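The values are calculated or read from the model by the stated rules, or taken from the named source; none is laboratory data. Predicted model only: the values in this text are computed from it and were never measured. Quick reminder, even Gly has a Cβ in these numbers, built from the backbone with ideal geometry, and neighbours come from all protein chains shown.
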Amino acid sequence: MSRQARQYSQSGLYHIVFRGMNRHNIFEEEEDFIKIKDIIQRLKKEMLFEIYAFYLMTNHVHILLKEYNIGDITVIMKRLLTRYAGWFNRKYSRSGALIANRFKS
């Protein structure tokens, strides 16, 4: 069964949630929290979006985000999650998926 296509918000506002595979931690130490915030800041220089709030927990994340171009949410999240997972996997000498499924919004 195929998954349902994402419905884009006309307002551009999204409450985004993503979590670790099998509910495992995606942040092990303080440096990991700092790194994802750094990746977000770099992404903001590449794409037009605002973060109104975020909550980082050890095994999942909530972000309140506004995109300014409808549909950019997919690219923003792909870049964020790919960059963070790659960094995390290199840091902890691991391979494979870090994030469970696709992000929810």
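Numerical summary
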quantity: Condition check for ALA100: among the small types (Gly, Ala, Ser) and loosely packed, with under 13 Cβ neighbours inside 10 Å; calculated: no
quantity: The one condition in (1) in contact (Cβ under 8 Å) with a residue 12 or more places away in the chain; (2) among the polar types (S, T, N, Q); (3) assigned to a helix (DSSP H, G or I) that ASN69 fails to fulfil; calculated: (3)
quantity: Selected residue (criterion: modelled with the lowest pLDDT) from residues of the range 75-105 that are among the polar types (S, T, N, Q) and touching a helix residue (DSSP H, G or I) at 6+ places or on another chain (Cβ under 7 Å); calculated: SER105
quantity: Complete set of residues in the range 72-105 that are charged (D, E, K, R) and in a helix (DSSP H, G or I); calculated: ASP72, LYS78, ARG79, ARG83, ARG90, LYS91
quantity: Selection count, the range 50-72, where residues are over 24 Å from GLU29 (Cα atoms) and polar (S, T, N, Q); calculated: 1
quantity: Answer from LYS44, LYS35, LYS66 - the residue that is at pLDDT 95 or above, of a type outside the set (A, V, I, L, M), more than 18 Å from LYS104 (Cβ to Cβ) and surrounded by 15 or more Cβ atoms within 10 Å (Cβ to Cβ); calculated: LYS35
quantity: Residues (assigned to a helix (DSSP H, G or I) and aliphatic (A, V, I, L, M)) located in the range 25-39; calculated: ILE34, ILE36, ILE39
quantity: Test result for VAL75, touching a Lys or Arg at 6+ places or on another chain (Cβ under 6 Å) and among the aliphatic types (A, V, I, L, M); calculated: no
quantity: Qualifying positions in the range 63-80 - in contact with a Leu (Cβ under 8 Å, 6 or more places away or on another chain) and not charged (D, E, K, R); calculated: LEU64, LEU65, TYR68, ASN69, ILE73, ILE76, LEU80
quantity: Complete set of residues in the range 40-66 that are part of a helix (DSSP H, G or I) and among the aliphatic types (A, V, I, L, M); calculated: ILE40, LEU43
